[in-house]
Amino acid sequence: MEKEKDYSNLHISLVLKYFWKVIKHFKVSFFSVVIFTTISSILDVYIPLQFLKLWNVLSVNDFTVVPVAKSIIIFILVLNLIRWGVRRLSGFSLSYFESGVMAGLRQQAFSYMIGHSNSFFANNFSGSLTRKISKYAVAFEKLTDRMIADGLPLLIRGVGTVVAIYTLFPKYSLVLAIFCVIFLLTAFIYIRYKLKYDVIAALADTKTNGVLADAITNHSSIQIFTGHRFEEKRTGETIEKQRKATVFNWYLWEGLGAIQSFYSIIIEFIVFWLAIGDWKLGLITLPVMVLLQSYLLRLLENLWSFGMIVRTFYDSFADAQEMALILGTPYEIIDNTEKKISNAKGEVIFNKVTYVYKNNNSKVLDDFSLIVPAGQKIAIVGSSGAGKTTFVRLLMRLFNLTEGEITIDGVDISKISQENLREQIAFVPQDPVLFHRTLMENIRYGRRDATDEEVLKAAHLAHCDDFIDKLPQGYETYVGERGIKLSGGERQRVAIARAILKDAPILILDEATSSLDSHSESLIQDALHKLIEGKTTIVIAHRLSTIRQMDRIIVLDKGKIIEDGKHEELSKKENGLYKKLWDLQAGGFKNLI
């Protein structure tokens with residue numbers, strides 16, 4: 001579920017800091033928008049004054065003033081054409097500015113977010129992170145639209161109107177100025193009061209979406225357990241709560257509208273009550289009264305949008321803040337370029353390594369030491385929770401060590417960049433996840449500068465062509481989100497093809513044949529045999545039958561090495577953990593019957 005907006009603790013300066021990092025690359029278009037909008041708004045105030053001059057000329061009732069009247073009309077035409085041109089320039093500049101900044105903000109957010117550690121993504125839903133990037137950019141668009149298209153003109157027209165009227169009749173400008181202050185202050189206080197009910201309505205909407213998503217996702221359970229009526233009642237109650245929260249929120253909007261309308265009626269009455277009195281005394285003319293009406297209507301039109309400006313201001317900053325806080329979160333894994341590994345041979349050493357999970361303070365590896373000479377093939381086995389997966393993640397530096405060090409060819413991996421480290425390692429996970437791209441692109445991801453011929457060769461060695469050649473689009477087939485269009489075994493073969501193509505000195509196989517049927521496994525075993533030649537190979541083993549030919553088998557228990565040797569040696573060791581695991585998989589199940 002999406003978290004409700006929090007308006008009480010907005011980090012506006014933080015959001016503006018990251019906005020400005022992108023905006024500064026579009027300073028010309030930004031200031032162009034401000035300048036053009038300012039000119040247009042000033043003309044909105046100035047043009048009615050020319051009409052006042054026209055009405056004053058025509059009120060003489062003398063045809064000799066026609067040339068003067070025509071010259072005024074021509075001047076008004078020129079002003080309107082200038083305003084028309086400036087508005088178009090403002091619109092085009094705003095389109096260029098907003099689209100460029102929004103693209104930059106998305107790139108900024110993605111570029112920083114993707115550099116976060118494995119644990120960051122494990123603790124956040126991918127859909128939620130994607131939505132935060134989108135909301136971050138859209139928040140800027142909404143904020144810019146409201147502040148430049150509405151807020152800036154409101155400020156200029158409001159001040160300009162008061163100043164223009166002041167030059168004619170000061171007391172009317174004072175009345176309008178007082179009215180503007182009361183109107184804006186009321187709207188601001190009302191919106192601030194209403195924000196908590198916006199949060200309640202947003203939370204009710206989020207809860208309804210969550211209940212609906214939960215029910216739809218589990219539709220098969222609803223059918224099997226005949227839960228239709230139960231779910232209808234349950235969702236109905238949630239929807240009704242949302243309706244009540246929403247309608248009360250809308251009532252509040254209507255309340256603000258009622259207050260603003262009442263103010264408008266009163267100010268219009270006051271202005272024209274005074275104007276009629278002054279007209280009676282001969283202090284003002286009818287054209288001035290028309291001008292007052294024109295200014296008042298425009299002013300009310302602009303003031304009316306102030307409530308939405310304030311609402312959008314809070315909403316936009318609340319939306320953008322979610323991403324800004326991520327941008328302000330330091331990386332857990334810090335890159336270091338003090339050293340660099342090149343032409344690695346593949347020697348791996350764990351030297352007194354300890355790792356403690358921060359979330360529950362449990363120790364996974366404890367004073368763990370292991371030397372894997374370059375080119376050696378080892379298997380890591382052990383019961384669930386023994387530390388096998390942690391061993392691999394620490395080697396790939398997905399987590400920081402608590403104590404100790406890990407070296408490759410004598411170089412501490414914390415002293416090199418993560419990219420340099422992972423260039424030395426090819427990894428085939430137990431459950432590979434693919435991009436929603438073509439098979440050619442997915443395989444080429446192992447080495448993105450590889451030629452088509454090299455990709456096809458790797459695919460052939462991994463026996464991918466056995467199924468790819470049967471597809472209508474062949475290597476140009478899109479595999480679906482996370483590779484869902486392929487079977488588990490097909491995804492596994494694509495992952496192996498990637499590793500073959502990468503040709504890194506260190507190879508990690510996390511039970512790379514676990515998703516394959518017997519026929520496919522026999523084909524892949526041959527490919528793997530060629531793949532591991534000359535490479536330091538680390539196999540995380542679950543099915544022990546796949547590791548009999550390893551140079552060494554390392555048995556872990558509670559983060560420590562308790563056995564180390566070849567299969568023949570360990571499988572005969574009395575009371576040994578490996579022997580127990582081997583006997584269980586090789587035939588121990590029949591003893592349980």
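The values are calculated or read from the model by the stated rules, or taken from the named source; none is laboratory data. Just so it is clear, the model here is predicted, and its values are computed rather than measured. For neighbour counting, all protein chains shown are included, and Cβ atoms are generated from backbone atoms with ideal geometry for every residue, glycine included. Each accessible area value is taken on the protein alone, full model and side chains, heavy atoms only, with ligands, DNA and RNA left out. Shrake-Rupley method; radii C 1.70, N 1.55, O 1.52, S 1.80 Å.
Miscellaneous remarks
- The residue pairs whose first member lies in the range 235-247 and is farther than 13 Å from L212 by Cα, whose second member is open to solvent by 70 Å² or more (accessible area, probe 1.4 Å), and whose beta carbons are closer than 9 Å, counting only pairs six or more residues apart or on different chains, are K241/K207; A245/I200; A245/L203.
- Scanning the range 209-244 for residues that are under 32 Å from the mean Cα position of the chain (by Cα), in a helix (DSSP H, G or I) and modelled with pLDDT under 85 turns up N209, G210, V211, L212, A213, D214, A215, I216, T217, H219, S220.
Table: residues versus (1) crowded, with 18+ Cβ neighbours inside 10 Å; (2) part of a helix (DSSP H, G or I); (3) aliphatic (A, V, I, L, M); (4) at pLDDT below 80.
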site: V494; (1), (2), (3), (4): yes, yes, yes, no
site: A504; (1), (2), (3), (4): yes, no, yes, no
site: S545; (1), (2), (3), (4): no, yes, no, yes
site: R548; (1), (2), (3), (4): no, no, no, yes
site: L584; (1), (2), (3), (4): no, yes, yes, yes
site: G587; (1), (2), (3), (4): no, yes, no, yes
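- Some residue of the range 524-536 being in a loop (DSSP other than H, G, I, E, B), modelled with pLDDT of 85 or more and either open to solvent by 60 Å² or more (accessible area, probe 1.4 Å) or farther than 18 Å from F427 by Cβ (or both): no
- Total residues in the range 72-122 satisfying the condition of being in a helix (DSSP H, G or I) and either among the aliphatic types (A, V, I, L, M) or closer than 30 Å to D335 by Cβ (or both): the figure is 31.
- If you go through the range 346-383 and keep only what is part of a loop (DSSP other than H, G, I, E, B) and open to solvent by less than 20 Å² (accessible area, probe 1.4 Å), you end up with just G346.
- Among the candidates Y331, Y314, the residue that is at pLDDT below 85, out of contact with any strand residue (DSSP E or B) (no Cβ under 8 Å at 6 or more places or on another chain), of a type in the set (S, T, Y) and outside any loop (DSSP other than H, G, I, E, B) is uniquely Y314.
- Residue within the range 452-466 that is in a loop (DSSP other than H, G, I, E, B), open to solvent by 10 Å² or more (accessible area, probe 1.4 Å) and at pLDDT 90 or above present: no
- If you go through the range 279-295 and keep only what is in a helix (DSSP H, G or I) and free of Cβ contacts under 8 Å to residues at least 40 places away in the same chain, you end up with W279, K280, M289, Q293.
- Residues that are surrounded by 13 or more Cβ atoms within 10 Å (Cβ to Cβ) and not aliphatic (A, V, I, L, M) were ranked within the range 320-341; the one that is farthest from the chain's Cα centre (by Cα) is K339.
- Of all residues making up the range 130-181, the number that are without any contact (Cβ under 8 Å) to a residue 60 or more places away in the chain, under 26 Å from E98 (Cβ atoms) and crowded, with 20+ Cβ neighbours inside 10 Å: 2
- Test: residue in the range 430-448 that is within 30 Å of I561 (Cα to Cα), buried (at least 20 other Cβ atoms within 10 Å of the Cβ) and in contact (Cβ under 8 Å) with a residue 24 or more places away in the chain: yes
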